[in-house]
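The values are calculated or read from the model by the stated rules, or taken from the named source; none is laboratory data. Since this is a predicted model, take the numbers as computed values, not measurements. Cβ coordinates were reconstructed from backbone atoms using ideal geometry, including for glycine residues, and neighbour counts include every protein chain displayed.
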Amino acid sequence: MKAEENYMFLYENVNGSVEIQNGKFIVIDPLGEGEFAKIIPTSNGELYINNKLITDSVKVKSTDKIEFKGKEEEGETLIEIKTNKDKTEAHLTVTYIPGNTYKLIDAEESNLISLETKKIQGKLPKKVSKLEILQELKNNKIIYGINKDILNSIEENDEIQDLIIAEGIKPIDPQDDKLEIYFNRKEEKDIDSLKNIDYKNLNYVTSIKAGEILAEIIKGEEGKDGIDVFGKTILKKPKNKFKYKIGEGCALKDRNIIAIKNGRPNIARNIITVQSIYVVDKDIDISTGNIDFAGAIEVRGKVTEGMEVKAAKGVHLCEGVFSAKVEAKGESTILGNIVNSKIKVGSTDLLKESRITSLTDLAESLNAIIANLKFLKEKNLVNKNATDGLLIKTLIDTKYKVVNRQCISVISSTINDEDGNSKVISLIKSKLIGLAPTKIVNYSELKPIVDEALKEIDKLKENLSIPVDLKIEYAQESTIEASGDIFITGKGIFASNINSLNNIEFLHGNAICRGGHIKAKNIIKSKVIGSEAGFATKLEVDSKGHIYADVAYQNTVFIVGNRRYVLDKPSKNIHAYLNKNGEIEIEKFLL
């Protein structure tokens, strides 16, 4: 009896246990005061005890009926249809995702087990049918160009990836008309008149006879509309109009542009002309006298000291200009050297453009003064005893010192343009010069000056002539102006002032610009600026312009609008411009 009591004492507090073998639950009940075994279910299946679904941890006994049903996930078929950017192709992708079942993992004997499962991949879903694809196309409103052969083979493919299931018709864009030039046969150029023509590289032709064909218009194809996979028409691009003009001395016959007089053929900014030409086979000197001709001029020698050449059209000078003066109103070329001379091309444009710039600058400054005074008075930030006139005078003498220079610039440029009817000048003299601002009663008296300035600007813009380009090789200690582009084709510029109302471009790879002031309205593209010795050179563009230089040395001054930057170290790949804050930005690498 004692032995039996001792045995019971030793095992009376044994906990129950549970284990899983081959998916079957084996439960041993506790002894004495031991705890029953517990099972924690999993979300990847359903645990049933005595036919009851268990969702939380539960105690189990050996007499319980325990079952586990693993979760089953059905396979899935994903059908995706996408169109390309212009909607002329529909791409089909079918992805088959297999189903999954979850099988219970065996667990060793323990008082507490948390059920774990492993995922077993099941079968692939049924292959998509032709009808299902047709329905999906219909859902996407795709009705045109469906490929029936591909559609019929859908069920044969285990994988469908980015397959073109429908295809529309792309539009055929028209070909623009072109202009084939016949008077520059050495280069055999086909010129699309709707694009920028590289006039600087066209050969110079001295003369042509009446009746000769100058150019032929080559008609381009008209193009054709397309249709997308939704059945909608895709319009072809419109054909650009042929932007050429038949100018002086030319006529259009069928598709040919012919000369109707003897002279020099020229094409500039899509205008074809035949200009009357005066040819001088020698130097322009005291023996020939000055030349003033109402057409184009060709000089096969040089223009010598003290002489003048004036042309109502362009000039072509073969051997340079030396201490002389040349004026032309048409596109011009000067070969050889320009030394100690004055060259002006498109002078009317230069004067009017100068006036427009001066008036615009003054109007902007006056608007800023008006805005400042309005703000100061609204916020009661000024002495009540101070008159508007005194405040305006103070602003001009301190914050807006540039106004005095702008007034002088407006007056001088207007006088140079020989305009005696400017209302702006009289208003400037009565309101802005000297002590005149102190007599202003109300700052609103500045507004009429701004209004008149804007009116004059509009009028001047209406009378601006077509920009005229100039091509030169080399200039030294000279002043050169052009209302269009200036192209430097030779070794460069030395100690000269160059002014273009559009762009200035150095074309020769090693062209040097050393000394002087190079000014353009929009863009300057240069090669080598200055020298290792620090020869001071200025490059200037308007506020929206850009300056480019392959190489520049110290003391090169970059001016953009009213901002300037002096280069302190030799640099390369330089780009100067104003950023969005109006500050000058210099992109460069040290040389």
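Observations
- Screening residue 143 with (1) under 30 Å from residue 238 (Cα atoms); (2) in contact with a Gly (Cβ under 9 Å, 6 or more places away or on another chain); (3) assigned to a strand (DSSP E or B) gives one miss only, at (3).
- Residue count, the stretch 252-295 (criterion: at pLDDT 90 or above and either among the small types (Gly, Ala, Ser) or assigned to a loop (DSSP other than H, G, I, E, B) (or both)): 11
- Which listed residue is at pLDDT 95 or above and touching a His at 6+ places or on another chain (Cβ under 8 Å), from 565, 548: 548
- From the list 440, 493, the lone residue that is farther than 30 Å from residue 320 by Cα, surrounded by 20 or more Cβ atoms within 10 Å (Cβ to Cβ), of a type in the set (A, V, I, L, M, F, W, C) and touching a Gly at 6+ places or on another chain (Cβ under 9 Å) is 440.
- Checking each residue in the stretch 291-301 for being free of Cβ contacts under 8 Å to residues at least 60 places away in the same chain, touching a Phe, Trp or Tyr at 6+ places or on another chain (Cβ under 8 Å) and not aliphatic (A, V, I, L, M) picks out 293, 295.
- Boolean, residue 591 is in contact with a Lys or Arg (Cβ under 6 Å, 6 or more places away or on another chain), crowded, with 20+ Cβ neighbours inside 10 Å and at pLDDT below 95: no
- When 544, 521 are checked against the criterion of being charged (D, E, K, R) and in contact (Cβ under 8 Å) with a residue 60 or more places away in the chain, 521 stands alone in meeting it.
- Close Cβ contacts (under 6 Å, 6 or more residues apart or on different chains) running from residues in the stretch 151-179 that are under 14 Å from residue 134 (Cα atoms) to residues that are among the basic types (Lys, Arg) and surrounded by 15 or more Cβ atoms within 10 Å (Cβ to Cβ) comprise 155/127.
- Looking across 126, 138, 85, one residue alone is part of a loop (DSSP other than H, G, I, E, B), under 47 Å from the mean Cα position of the chain (by Cα) and over 30 Å from residue 20 (Cβ atoms). It is 85.
- Residue 475 falls short on exactly one of the conditions (1) under 30 Å from residue 302 (Cβ atoms); (2) modelled with pLDDT of 90 or more; (3) surrounded by fewer than 19 Cβ atoms within 10 Å (Cβ to Cβ), and that condition is (3).
- Criterion: at negative phi, of a type in the set (S, T, N, Q) and in contact with a Phe, Trp or Tyr (Cβ under 7 Å, 6 or more places away or on another chain) - qualifying residue of 304, 273, 288, 233: 304
- Test result for residue 365, closer than 19 Å to residue 435 by Cβ, touching a helix residue (DSSP H, G or I) at 6+ places or on another chain (Cβ under 6 Å) and at pLDDT 90 or above: yes
- Look at the stretch 20-32: where a residue is in the same structural domain as residue 49 (by TED's automatic domain parsing) and surrounded by 18 or more Cβ atoms within 10 Å (Cβ to Cβ) and a partner is modelled with pLDDT under 90 and in a loop (DSSP other than H, G, I, E, B), sitting 6+ places away or on another chain with Cβ atoms under 9 Å, you get 30/13.
- Checking each residue in the stretch 445-498 for being farther than 29 Å from residue 271 by Cβ, touching a residue at least 12 places away in the same chain (Cβ under 8 Å) and acidic (Asp, Glu) picks out 445, 452, 477.
- Selected residue (only one of 459, 393 is exposed (fewer than 15 other Cβ atoms within 10 Å of the Cβ) and out of contact with any Lys or Arg (no Cβ under 9 Å at 6 or more places or on another chain)): 459
- Scan of the stretch 407-427 for residues that are in a helix (DSSP H, G or I), buried (at least 16 other Cβ atoms within 10 Å of the Cβ) and of a type outside the set (S, T, N, Q), ordered by number: 407, 410, 411, 424, 425, 427
- The set of residues from the stretch 498-514 being in a strand (DSSP E or B) and either surrounded by fewer than 18 Cβ atoms within 10 Å (Cβ to Cβ) or of a type in the set (Phe, Trp, Tyr) (or both) comprises just one member, 506.
- Yes/no for residue 374 being surrounded by fewer than 15 Cβ atoms within 10 Å (Cβ to Cβ), touching a Phe, Trp or Tyr at 6+ places or on another chain (Cβ under 8 Å) and either of a type outside the set (Phe, Trp, Tyr) or not assigned by TED's automatic domain parsing to the domain that holds residue 441 (or both): yes
- Members of the stretch 522-539 found to be of a type outside the set (Gly, Ala, Ser) and modelled with pLDDT of 95 or more, listed by number: 522, 523, 524, 525, 527, 528, 529, 537, 538, 539
- Scanning the stretch 54-82 for residues that are among the β-branched types (Val, Ile, Thr) and surrounded by 16 or more Cβ atoms within 10 Å (Cβ to Cβ) yields 54, 58, 60, 66, 79, 81.
- Selection within the stretch 308-319 - surrounded by fewer than 23 Cβ atoms within 10 Å (Cβ to Cβ) and touching a strand residue (DSSP E or B) at 6+ places or on another chain (Cβ under 6 Å): 308, 310, 318, 319
- Considering (1) loosely packed, with under 12 Cβ neighbours inside 10 Å; (2) not assigned by TED's automatic domain parsing to the domain that holds residue 158, the lone condition that residue 85 does not fulfil carries the number (2).
- Check on residue 328, surrounded by fewer than 24 Cβ atoms within 10 Å (Cβ to Cβ), within 21 Å of residue 249 (Cα to Cα), within 43 Å of the chain's Cα centre (by Cα) and not charged (D, E, K, R): no
- Of the strands (runs of 3 or more DSSP E) lying entirely inside the stretch 527-591, the ones with 2 or more residues being hydroxyl-bearing (Ser, Thr, Tyr) and assigned by TED's automatic domain parsing to the domain that holds residue 504 are found at 571-578.
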